[in-house]
1. Hey, what do the phi angles of segment A:111-118 turn into as Karplus ³J(HN,Hα) couplings, whole Hz, using 6.51/-1.76/1.60 and θ = phi - 60°, x for Gly and Pro?
2. Nearest 0.05, what FRET efficiency do B:Asp343 and B:Asp374 give at R0 = 45 Å with Cβ-Cβ as r?
3. Set the Förster radius R0 to 51 Å, insert the Cβ-Cβ distance between A:Lys48 and B:Phe209 as r into 1/(1 + (r/R0)^6), and round the FRET efficiency to 0.05.
4. Pop the C-beta distance of B:Trp323 and B:Arg201 into the FRET formula with R0 = 30 Å and round what comes out to the nearest 0.05.
5. Please list, ordered by chain and number, the residues whose modelled amide H lies under 5 Å from the amide H of B:Glu243; skip anything fewer than 5 residues away on the same chain.
6. Using only the alpha carbons of segment A:91-228, what is the convex hull's orientation-averaged projected area in square nanometres?
7. In nanometres, what is the gap between the two model label sites at A:Glu125 and A:Glu57, each 7 Å from Cα along Cα-to-Cβ?
8. Over segment B:226-384, with the other protein chains present, what is the accessible area per residue in square angstrom, probe 1.4 angstrom?
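The values are calculated or read from the model by the stated rules, or taken from the named source; none is laboratory data. Treat the numbers as computed from the prediction; the structure is a model and nothing was measured. Every residue, glycine as well, gets a Cβ built from its backbone with ideal geometry; the counts of neighbours run over all protein chains shown. The area values use the complete protein model at the heavy-atom level, side chains included, leaving out ligands, DNA and RNA. Shrake-Rupley method; radii C 1.70, N 1.55, O 1.52, S 1.80 Å.
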Amino acid sequence: MPTPTKRQARKKSTSSRSTKKAPGKRAKNKEQTKARILKAALELFGQKGFYKTTTKEISRKARIAEGTLFNYFKTKEDLALYFFETELQNCIDWYYQDDYVRAAPLPEKLFGLVQHYLDRVEPYEEFIGAVYLRALQPRSRLNPLSLEVQELRLRELMFIRDILEEAEEREEVPPLGEFGVYALGLGFLAVVTYWLNDRSEGKENTMALLDRALTLGSHVLRQGGWEW
Amino acid sequence: MVKRSQATTKARRALKVGGLGVRIAGSYLGYQMQNLFLDTPARAENKASFQQKSAQRVREELQQLRGPIMKLGQTLSMQGHLIPEEILQELTDLQMHAPPMHPTLMRTQFKKSMGEYPEAVFARFDMEPFAAASLGQVHFAMTPGGDEVAVKIQYPGIREAIRNDFALLRTVTLPARWAKYVSEEMISEAEKGFILETDYRNEAENIEFFRTHAPELPFLRVPAVFREYSSDKVLTMSFMRGEFLDQRLERKPSQEWRDRLGSRLFELFVYQLYALNAIHADPHPGNYLYDDDGTIALIDYGCVKYLPDNLVRGSHAMADSLWEGNEVEFAEALQAVFESRIDFSDPRSNPILQAFMEYLQFLMPKKGRKKAIDFGQGKVLESLTSLWDKVLKTCPPNPEVFFLCRQELGLFNVLHRLGARVATTEVTGRVRRAVR
């Protein structure tokens, strides 16, 4: 079991990442350009699809030279990675700024987080689907075993660990350790996959699945097993 | 080549329906089945404590699952005579206290349906629900215009879950002795009813039907719908004051009050059957609110059933010929109800006719007798139940008759809990004379 001080230190590592880069006009400009490129790219992905969109079109839409684009993102896959990184960071920031969600019971908190994420990425559903397919290719940088994806995944898992440790401290769940972190991470992936396939109105079925899975899961954990 | 058994084929087909993913998300029955297997060790315990414990667990589980199964629980709890007291108590709790959706889920669901969060739509909106409805929960709110309203919000994914459960139900082969009572027609009817109930716009229309057509009952209060704050999953209506039956009974009302209220409830039912030709089809006590002035508010119009003409005509004719000793006319009345499905040419030896007559003669004792039926007596309830039972056992499966049975037994259970004495013949006569 980690001590609270260690936990505090780690929390800093996930929660303050976005503010770490704050100083420096250059860095700020750079971030703004990256965001502009991403916005342009997402619009094009939405219109033409991930595969058919060329870097040339992206640079034209973002009003920068194709060479400049290359300085920021080597490939469309890097753009995709940047997209997921931004969304993850947004979730983390949102969580630490929303007092209501932070104080809510674990199932509601997790529900809120996943729903917040899904609401944000909803316009890019097709793009995410394409990324999923691309990730199946062994040589793709989007492949789950690539360094970049692993790094992203690690940040996600650390965030989950912070949340779970809070819940363990509040005795909402028994100590779950790394197992709980991986299980939740996997669960999140499963929910996003389900969401991609969900054709119900307003993706209502995903909401129902999420709520029931969380309710049932926490019910089981609280009772310490299936004997209830 | 080995021939696959029919059961295997059916199981495989069941798995195919909708795919496994949907099944995980969408079956309430599935959870229940799981539960059946889980409680084997508990069987060793002594019976009473087992019953109490399992009753409590059943309620907790039902609350977790929400929706159709909860509905089933409510229907069961209306059958006071069939179920041990401990379980009945737990099920009664279920009727009023379902667990709330947490605010995050509720707000998300509201926004998906109405486009905005509730606090942006209403001048005031209570995040804590004040009541649970079987398919959702109800919040108190105030419109920008200053009206006090009740906002019913539906749990997500209910419609899909119902479809899944029924798809599964259809693949199950029922034992022959059940198949007689549960026909495919009935299953479809039940599914249609459940699905319709998930569309709150349909409920809004039902409320408006009652508001337009039932103003003749001075003791009845019907809410008003606020269409601009309603959708298929959100229903906003005027807030109704009053207490539920159990709350009211805790204050030990006088026998006179019980009798008066019982008569009104009975009148409300016969009025719906003989005059309105539509029945507020959810007999559980959570749907009635009682106010100090003796008025009754009907809430939850999710499954109003509009009665077919032949059923209403038949019911009138049955009541007409009940005490004339005119079995030929009574047979004709039954024929109207069942249409051409049964041969009533020899009324004397027809068990269906005998069963119906026996039941109705018990419920509505001979004309001129103003004596009231004391529903508070367990014996009365038992007799009525077993008489209905006989009717259902003798007549061929008929959704309308089955439906009426459920409604009437539901009403009698409420009257029993109320301990009311009702002059049934007189009330029925009064209502029917007014219609003529």
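1. Values, residue by residue: 4, x, 5, 5, 5, 4, 4, 5 Hz.
2. Between B:Asp343 and B:Asp374 the formula returns 0.75.
3. 0.50
4. On the way: r = 44 Å, r/R0 = 1.47.
The calculated FRET efficiency here is 0.10.
5. For B:Glu243, whose amide H was placed from the backbone, the distant partners under 5 Å are B:Tyr290, B:Asp291.
6. Projected area, direction-averaged: 9.2 nm².
7. It is 2.1 nm.
8. 43
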